[in-house]
1. Working carefully through the options SER98, SER125, SER70, find the one that is outside any strand (DSSP E or B) and at pLDDT 90 or above.
2. Of everything in the stretch 17-64, what is within 22 Å of PHE102 (Cα to Cα), at pLDDT below 90 and in contact with a Leu (Cβ under 8 Å, 6 or more places away or on another chain)? Give them in sequence order.
3. Picking from LYS84, LYS115, LYS104, which residue would you name as being charged (D, E, K, R) and either surrounded by fewer than 15 Cβ atoms within 10 Å (Cβ to Cβ) or touching a His at 6+ places or on another chain (Cβ under 9 Å) (or both)?
4. Step by step: first the residues of the stretch 39-55, then only those that are in a strand (DSSP E or B) and without any contact (Cβ under 8 Å) to a residue 40 or more places away in the chain, then the one that is surrounded by the fewest Cβ atoms within 10 Å (Cβ to Cβ). Which residue is that?
5. Quickly run through the stretch 77-95 and pick out the residues that are of a type outside the set (Asp, Glu), modelled with pLDDT of 90 or more and over 14 Å from ASN54 (Cα atoms).
6. For PRO83, which of the numbered conditions (1) free of Cβ contacts under 8 Å to residues at least 60 places away in the same chain; (2) more than 18 Å from SER116 (Cα to Cα) fails to hold?
7. For the stretch 39-75: of the residues being among the aliphatic types (A, V, I, L, M) and within 12 Å of the chain's Cα centre (by Cα), which is nearest to ASP111 (Cα to Cα)?
8. Taking LYS78 as meeting all but one of (1) surrounded by 13 or more Cβ atoms within 10 Å (Cβ to Cβ); (2) over 11 Å from the mean Cα position of the chain (by Cα), write down the number of the exception.
Amino acid sequence: MKVIISRFIYIFFIFASSKGYSDSQNPRLLIKKTIIPVECYVESKVNLTITVENLSTSSIKIQDIQASCSCIKVLLCKYEVAPKEVKIIKLEYTNGKSDGVFRKYLLIVTDNGEKSYNVTLLIHSKHKNL
C-alpha cells in the first residue's frame, strides 16, 4: 500500500511539474518545458536554455536558481520578468566521466516566497567512440 501511495504522489508531481505548476493551480510564471532531455558525450559541455513566461499582471522577480549539482552553472540567476514577458534562462551543463542516464534538478525561486518551480534535466551521456 505504501508503494502505491508513493507512486501516486510521484505521478502527481510529474504531471503538475510538466504543466509548469508547483503548488498552485494558478501559476504566475509558466515554465515552458519542465523536463529537458539532454544528449551529450562524456567530458563535454552543453549549453541549455529554460523559457519562462510571466502570466500575471505584475512583475515577477526570480531571486535564485538552485542546482542539485555543481555540474550545472546558471549563467545569470536573477531576473525580473515583466507582465506577459518571456525570458530565456541560460545554463551550462558540464558532463563528467560517467556514461549513462542521469537526472539533475533545478529549483527556480521567485519573490512570491511560497512559489517555486522545478525543472528536471534528463541527461543521456555516452562515449564518442560508441
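1. SER70
2. GLY20 - this is the single residue of the stretch 17-64 that is within 22 Å of PHE102 (Cα to Cα), at pLDDT below 90 and in contact with a Leu (Cβ under 8 Å, 6 or more places away or on another chain).
3. On the way: LYS115 fails: either surrounded by fewer than 15 Cβ atoms within 10 Å (Cβ to Cβ) or touching a His at 6+ places or on another chain (Cβ under 9 Å) (or both); LYS104 fails: either surrounded by fewer than 15 Cβ atoms within 10 Å (Cβ to Cβ) or touching a His at 6+ places or on another chain (Cβ under 9 Å) (or both).
The match here is LYS84.
4. First, pick out the residues of the stretch 39-55 that are in a strand (DSSP E or B): 39-41, 45-54.
Next, from what is left, pick out any that are without any contact (Cβ under 8 Å) to a residue 40 or more places away in the chain: 51, 53-54.
Values: THR51: 12, GLU53: 17, ASN54: 22.
Here the answer is THR51.
5. Taking the stretch 77-95 as the starting set, the residues that turn out to be of a type outside the set (Asp, Glu) are 77-79, 81-84, 86-91, 93-95.
Pick out the ones that are also modelled with pLDDT of 90 or more and you get 81-84, 86-91, 93-95.
Within the stretch 77-95, LYS90, LEU91, TYR93, THR94, ASN95 qualify.
6. (2)
7. ILE65
8. The single condition LYS78 does not satisfy is (1).
The values are calculated or read from the model by the stated rules, or taken from the named source; none is laboratory data. Being a predicted model, the structure only gives us computed values, none of them experimental. Don't worry about glycine lacking a Cβ; one is built from the backbone with ideal geometry, like all the others, and counts go over all protein chains shown.
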